[in-house]
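Some notes on the structure that comes next.
The values are calculated or read from the model by the stated rules, or taken from the named source; none is laboratory data. As the structure is a computational prediction, the values presented were derived from the model and not from experiment. No Cβ is skipped: glycine too gets one built from the backbone with ideal geometry, and neighbour counts run over all protein chains shown. Side chains included, ligands, DNA and RNA excluded: accessible areas come from the protein's heavy atoms. Shrake-Rupley method; radii C 1.70, N 1.55, O 1.52, S 1.80 Å.
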Amino acid sequence: MIKIGNIELPEFPLLLAPMEDVSDPPFRRLCKMHGADLMYSEFISSEGLIRDAMKSRKKLDIFDYERPVGIQIFGGDEEAMALSAKIVETVEPDLVDINFGCPVKKVVCKGAGAGVLKDIDLMIKLTKAVVNSTHLPVTVKTRLGWDTEGINIMEVAEKLQDAGVKALTIHARTRAQMYKGEADWNYIHAVKNNPNIEIPIFGNGDVDSPQKALEYKQKYDCDGIMIGRGAIGYPWIFNEIKHFFETGETLPEPTITDRLLAVRQHAEWSAEWKGERLGLIEMRQHYSNYFRGIPHFKDFRRKFLEVFTLGEMDGVIAEAADFYKEFSY
């Protein structure tokens, strides 16, 4: 059993990565239903929380059915990070996570996210500010380093542990790589096998199938795997991995009926959380992902993009179900 503070997780937990504009409560609910063991909110600006920015505050919404769940914050100012951790604590998540890995320019240029990888002293100061301001377990998600020449994850892992972090997730790319190239999990293996490291080490990057999950589990010796892009439009990946671990068998791919049901559930929960019109507008980014690789979906995607009510969506779903009933793919 893996423990993060007082949080007990399965022997080899599968985590849903915090992803901007993706891992909101409706999507987290789907992933939980399909086997995710620990989930995180979208990342939240510490300064946005302090300003009471509506979008940032909305990201604090968590629900009991998705526990255990963590809220992830980012920022480059000690005082702001400490205060935002106190604000996060008021909604009673199970843990607070710090983002030291986001490679996006608008985050990095503020000295936050992966921008902190160039200043380890600042990273540790920010971490201690959060740890000292909350009673919740604090975890960190980071990258290998700024670039190939600046890979410093061994040093970073030890210093973060010393600062009070209770678990560390490593995206096995540098900031310079962004999301390109192959993730190098050898560094994750090295950190995990460092005799000075006692906290759980989770690996992240490129896991998009049960076979790869098992390979990485066996080869790199991490305590669990965090899945990001592999879960977008495919929440089934968590149970598929668990089934493969237990039996060595690959579950059948989700059917059209499975996909349509997931879209309907996602849309309904999105409408409940954001309001029907806005919820369905924000669902538009997801349709292509749910039906990736399904032939003849283009016309149905166009129809989904035109719906503004759940009733209208049900009409498109019924039409698609009827169409694919007669079509073998």
Can you find, within segment 217-272, the residue that is surrounded by the fewest Cβ atoms within 10 Å (Cβ to Cβ) among those that are without any contact (Cβ under 8 Å) to a residue 60 or more places away in the chain and aromatic (Phe, Trp, Tyr)? Phe244
Any residue at all in segment 52-70 that's of a type in the set (S, T, N, Q), closer than 16 Å to Leu168 by Cα and either in contact (Cβ under 8 Å) with a residue 60 or more places away in the chain or out of contact with any His (no Cβ under 7 Å at 6 or more places or on another chain) (or both)? no
Considering segment 105-126 alone, what residues qualify as being in contact (Cβ under 8 Å) with a residue 12 or more places away in the chain, more than 16 Å from Ser46 (Cα to Cα) and surrounded by fewer than 23 Cβ atoms within 10 Å (Cβ to Cβ)? Lys118, Ile120, Ile124
Qualifying residues in segment 91-108 (those that are in a loop (DSSP other than H, G, I, E, B) and at pLDDT below 85) - the one farthest from Gln161 (Cα to Cα): Val104
Given the structure, is Ala267 over 30 Å from Cys102 (Cβ atoms) and not in a loop (DSSP other than H, G, I, E, B)? no
Being open to solvent by 70 Å² or more (accessible area, probe 1.4 Å) and without any contact (Cβ under 8 Å) to a residue 12 or more places away in the chain narrows it down to one of Arg302, Arg277, so name that one. Arg302
Exactly one of (1) open to solvent by 30 Å² or more (accessible area, probe 1.4 Å); (2) within 18 Å of the chain's Cα centre (by Cα) is unmet by Val91. Its number? (2)
Output the number of residues of segment 193-216 satisfying the condition of being polar (S, T, N, Q) and crowded, with 21+ Cβ neighbours inside 10 Å. 1
Go through segment 1-31 and count every residue that is open to solvent by 40 Å² or more (accessible area, probe 1.4 Å), closer than 19 Å to His266 by Cα and out of contact with any helix residue (DSSP H, G or I) (no Cβ under 9 Å at 6 or more places or on another chain). 1
Over segment 109-126, the set of residues over 19 Å from the mean Cα position of the chain (by Cα), part of a helix (DSSP H, G or I) and among the hydrophobic types (A, V, I, L, M, F, W, C) is Val116, Leu117, Ile120, Leu122, Met123, Ile124, Leu126
